[in-house]
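The values are calculated or read from the model by the stated rules, or taken from the named source; none is laboratory data. This structure is a prediction, so every number in the text was calculated from the model and none was measured. Glycine gets a Cβ as well: all are built from the backbone with ideal geometry, and neighbour counts include every protein chain shown. Heads up: the accessible areas ignore ligands, DNA and RNA and are worked out on the full protein's heavy atoms, side chains in. Shrake-Rupley method; radii C 1.70, N 1.55, O 1.52, S 1.80 Å.
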Amino acid sequence: MKKIFLLWILLSGSALAQTYPSKPIRYIVPFPPGGSSDLISRAIAPRLSEQLGQPVVVENLPGAGAMLGVERVAKSAPDGYTIGLAAAGALSSNIHLYARMPFDPEKDLTHITPLALIPFFLIAHPSQASSIKNLIEEAKAKPGALSYGAGGNGSTMHLAGELFNMLGHVKIQVIPFKGSGPVSAAVLGNQVAYGVVDVPSAIANVRAGKLRALAVTSKQRVSAAPDVPTFVEAGVPGYEAVGWFGVVGPAGLPNGILTRLNQEIAAALATPEMRKTAIDAGTEPYTTSPQEFTAMIRAETRKWGDVIKAGNIKLD
């Protein structure tokens, strides 16, 4: 009887995949309109609509630290008609920062594909250290005396700074701000010497020489600033810290539908127009298989757990 039941599930899932989609798809973005994740989602939705033959309707549902929208996806029916965006925090670091999560990032979701990586700059006022090497020397000479700004306590930018503390064997204090824009403004005014910010908020002032980008947090240099070295190139072996976001569905999404969504999203993101949109938004387009996405989430969860523990990071 059990074998017959499993066969029925496989056959019904295959039949469902063959007719999918037969109605509009809801695409939930857990952020307010206007940010890079929203911009990319709204650019990719029409392409997916054309490829899938059904409307893909973007719905913004911010709240609860960008977890409200992901929770809505997790609690929806696993039929492929509700999918959504989830960021690095919701899928990898928040589980270490919150006593309770409204969903389990692994058990309650199907990981469809990442969409984009978000590299950060470590910026400095021109009067401060001119390189990562100089900064490490200064930080070791003045333990605990230096500080950096980051967009939000427990944010990926904050964690990127703490990873530098851990791998650089230094202690630079964090000053939380409400987003990258205020951090860039504070460093520009020399109110705080250093900052970890997303690339778009600082790139114009970096190019103008009003801010110095000491390093980029990604594994490779970024298209928008090819002259800025990575942390590894600047002398911090093993360093990589990027924000990212990807598309998820509820747990139990049939394999046929999962494969179709993964392939269609990858095809849409691979077009020159979509790649330009993603890069102009300060991200690096990136897709993988669902299995690789799950492995990425697990690795990031372990890494940020270690960083959060080492930095004794707690949310108020």
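Within the stretch 155-176, can one find any residue that is among the basic types (Lys, Arg), in contact (Cβ under 8 Å) with a residue 24 or more places away in the chain and either closer than 30 Å to residue 34 by Cβ or in contact with a Ser or Thr (Cβ under 8 Å, 6 or more places away or on another chain) (or both)?
No, the stretch 155-176 has no match at all.
Would you check if there is a residue in the stretch 258-279 being assigned to a loop (DSSP other than H, G, I, E, B) and surrounded by 21 or more Cβ atoms within 10 Å (Cβ to Cβ)?
For the stretch 258-279, residues assigned to a loop (DSSP other than H, G, I, E, B) and surrounded by 21 or more Cβ atoms within 10 Å (Cβ to Cβ): absent.
On the basis of being open to solvent by 10 Å² or more (accessible area, probe 1.4 Å), free of Cβ contacts under 8 Å to residues at least 60 places away in the same chain and of a type outside the set (D, E, K, R), does residue 149 make the cut?
no
Do we find a residue being open to solvent by 60 Å² or more (accessible area, probe 1.4 Å), touching a helix residue (DSSP H, G or I) at 6+ places or on another chain (Cβ under 8 Å) and at pLDDT 95 or above anywhere in the stretch 221-231?
no
Among (1) part of a helix (DSSP H, G or I); (2) modelled with pLDDT of 95 or more; (3) among the small types (Gly, Ala, Ser), which single condition is residue 37 missing?
With respect to (1) part of a helix (DSSP H, G or I); (2) modelled with pLDDT of 95 or more; (3) among the small types (Gly, Ala, Ser), residue 37 is out only on (2).
Give the number of residues within the stretch 147-167 that are modelled with pLDDT under 95 and touching a Lys or Arg at 6+ places or on another chain (Cβ under 9 Å).
The total comes to 4.
Take the conditions at pLDDT below 95 and more than 22 Å from residue 33 (Cβ to Cβ) and apply them to residue 95. Does it pass?
Criteria met by residue 95.
Within the stretch 76-108, can you find the residues that are hydrophobic (A, V, I, L, M, F, W, C) and either closer than 15 Å to residue 64 by Cα or open to solvent by 10 Å² or more (accessible area, probe 1.4 Å) (or both)?
Hits for the stretch 76-108 are 77, 85, 86, 87, 88, 90, 91, 95, 97, 99, 101, 103.
May I ask you to list the residues in the stretch 233-250 that are buried (at least 16 other Cβ atoms within 10 Å of the Cβ) and assigned to a loop (DSSP other than H, G, I, E, B)?
234, 236, 239, 240, 241, 242
Collect the residues in the stretch 280-312 that are open to solvent by 30 Å² or more (accessible area, probe 1.4 Å), in a loop (DSSP other than H, G, I, E, B) and of a type outside the set (S, T, N, Q), keeping them in residue-number order.
Across the stretch 280-312, the qualifying residue is only 286.
Are there any pairs, at least 6 apart or on different chains, whose C-beta atoms fall under 8 Å, with the first in the stretch 261-281 and closer than 21 Å to residue 25 by Cα and in contact (Cβ under 8 Å) with a residue 60 or more places away in the chain and the second open to solvent by 60 Å² or more (accessible area, probe 1.4 Å) and not charged (D, E, K, R), and if so, which?
Going by the 8 Å Cβ cut-off, the qualifying pairs are 264/51; 267/51; 268/51.
Among the listed residues 17, 45, identify the single one that is of a type in the set (Gly, Ala, Ser) and either farther than 14 Å from residue 80 by Cβ or modelled with pLDDT of 90 or more (or both).
45
Would you confirm whether any residue within the stretch 210-217 is closer than 24 Å to residue 148 by Cα, of a type in the set (S, T, N, Q), touching an Asp or Glu at 6+ places or on another chain (Cβ under 9 Å) and touching a residue at least 40 places away in the same chain (Cβ under 8 Å)?
Checked against the condition, which is being closer than 24 Å to residue 148 by Cα, of a type in the set (S, T, N, Q), touching an Asp or Glu at 6+ places or on another chain (Cβ under 9 Å) and touching a residue at least 40 places away in the same chain (Cβ under 8 Å), the stretch 210-217 yields at least one hit.
Search the stretch 109-146 for residues being at pLDDT 95 or above and of a type in the set (Val, Ile, Thr), and hand back the single one that is surrounded by the fewest Cβ atoms within 10 Å (Cβ to Cβ).
Within the stretch 109-146, the match that is surrounded by the fewest Cβ atoms within 10 Å (Cβ to Cβ) is 136.
Specify the residue that is surrounded by the most Cβ atoms within 10 Å (Cβ to Cβ); the eligible residues are those in the stretch 54-75 that are touching a residue at least 60 places away in the same chain (Cβ under 8 Å) and not basic (Lys, Arg).
70
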